[in-house]
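The values are calculated or read from the model by the stated rules, or taken from the named source; none is laboratory data. On a predicted model such as this, the values are computed, not experimentally measured, just so you know. Every residue, glycine among them, receives a Cβ derived from its backbone with ideal geometry; neighbour counts consider all protein chains shown.
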Ligand code: BV8
Ligand code: ZN
């Protein structure tokens with residue numbers, strides 16, 4: 001493994017344009033459950049019962065309860081060494097992006113700046129009638145199913161996350177796809193590589209001959225295209241991979 005990490009570290013040091021693509025696994029060691037593993041979120045809560053527009057129109061109270069439970073958890077946990085290592089790598093690079101599927105806000109809290117939250121952010125909600133955006137990272141809106149705070153609107157507020165069957169924000173998708181298609185290194189951390197269109201990102205980088213480095217305790221839908229598959233937990237492997245890295249852009 002040490003030899004693989006060294007080769008992957010050299011590939012990162014040589015790279016000029018790096019995209020880091022992350023999923024629920026990078027937040028696992030912060031205490032945020034993943035989705036598709038034993039004990040994961042979808043085991044207890046079926047995605048179609050909680051993470052679809054139909055579920056929300058059918059049972060808004062239960063869906064809000066589920067997201068408030070997860071938002072509470074996201075507030076209580078801390079970023080882990082995996083998030084911090086990614087943020088430190090960005091500090092030393094000029095052409096860098098984090099494209100995350102996670103809605104837990106942990107990359108931003110760890111100091112990452114160029115972050116695209118492909119599936120939204122659990123700390124935010126918006127009005128389905130007038131589009132008003134509410135930041136609930138500090139205070140929750142009142143009510144089991146919160147109503148728009150705008151005077152006279154009366155619209156229903158919903159979590160600002162992308163549910164199954166919903167389109168991702170076209171601008172987010174374009175920017176992350178464009179960046180991946182021009183990247184020469186793609187670091188994939190903690191994703192099963194199951195959910196599209198997000199999971200296309202490493203494949204776009206690969207098509208540009210990027211070096212694909214994956215960190216995951218298990219193989220995933222991405223492993224087939226990984227140049228280096230670093231098997232293990234993100235909070236341990238990511239700092240190991242990035243810590244001694246010569247951070248200067250494209251250092252030879
Ligand atoms: C769309 C936000 C269409 C909400 C989420 C059949 C084939 C292909 C696609 C589809 C299909 N049927 C349906 C679709 C489309 C669907 C999809 O991809 N479904 C999948 C399940 C097959 N996609 C959609 O619906 C998307 N929209 O397609 O719209 C459209 C087009 C035009 C016009 C209108 C509509 C929207 C998808 C977004 C859904 N929202 N989340 C919320 O979070 O509540 S998805 C959800 O899955 C999360 O965002 C999560 O991040 C994401 C991906 O999961 P992962 O992050 O990878 O997590 P997972 O648990 O799966 O894996 C964890 C990994 O971590 C594992 O590999 C594990 O080994 C690893 N791990 C564990 N411990 C560690 C670790 N790694 C590192 N360290 C550790 N310690
Ligand atoms: Zn409104």
- [ ] Exactly one condition in (1) within 16 Å of ligand 2 (Cβ to nearest atom); (2) within 23 Å of the chain's Cα centre (by Cα); (3) not in a strand (DSSP E or B) is not met by residue 159; state its number.
- [x] (3)
Task: Complete set of residues in the range 18-35 that are buried (at least 24 other Cβ atoms within 10 Å of the Cβ), under 9 Å from the mean Cα position of the chain (by Cα) and farther than 11 Å from residue 235 by Cβ - done: 21, 22, 23
Task: Hits in the range 119-135 - residues which are within 18 Å of residue 77 (Cα to Cα) and away from ligand 2 (no atom under 15 Å from the Cβ) - done: 121, 122, 123
TODO: Output yes when any residue across the range 137-147 is at pLDDT 95 or above, surrounded by fewer than 16 Cβ atoms within 10 Å (Cβ to Cβ), within 16 Å of ligand 2 (Cβ to nearest atom) and in a strand (DSSP E or B), and no when none is.
DONE: yes
TODO: Tell me which residues, restricted to the range 45-72, are in contact (Cβ under 8 Å) with a residue 40 or more places away in the chain and either near ligand 1 (Cβ under 8 Å from one of its atoms) or part of a loop (DSSP other than H, G, I, E, B) (or both).
DONE: 47, 51, 52, 67, 70
Task: Contacts under 7 angstrom Cβ, first residue in the range 195-206 being farther than 15 Å from residue 22 by Cβ, partner part of a loop (DSSP other than H, G, I, E, B) and near ligand 1 (Cβ under 10 Å from one of its atoms), 6 or more apart - done: 197/168
- [ ] Go through 179, 194 for me and flag whichever is modelled with pLDDT under 95 and either assigned to a strand (DSSP E or B) or away from ligand 2 (no atom under 16 Å from the Cβ) (or both).
- [x] 194
- [ ] State all residues of the range 1-44 that are out of contact with any helix residue (DSSP H, G or I) (no Cβ under 6 Å at 6 or more places or on another chain), free of Cβ contacts under 8 Å to residues at least 40 places away in the same chain and outside any helix (DSSP H, G or I); if no residue qualifies, say none.
- [x] 37, 38, 39, 40
Task: So residue 98, is it assigned to a helix (DSSP H, G or I) and within 14 Å of the chain's Cα centre (by Cα) - done: no
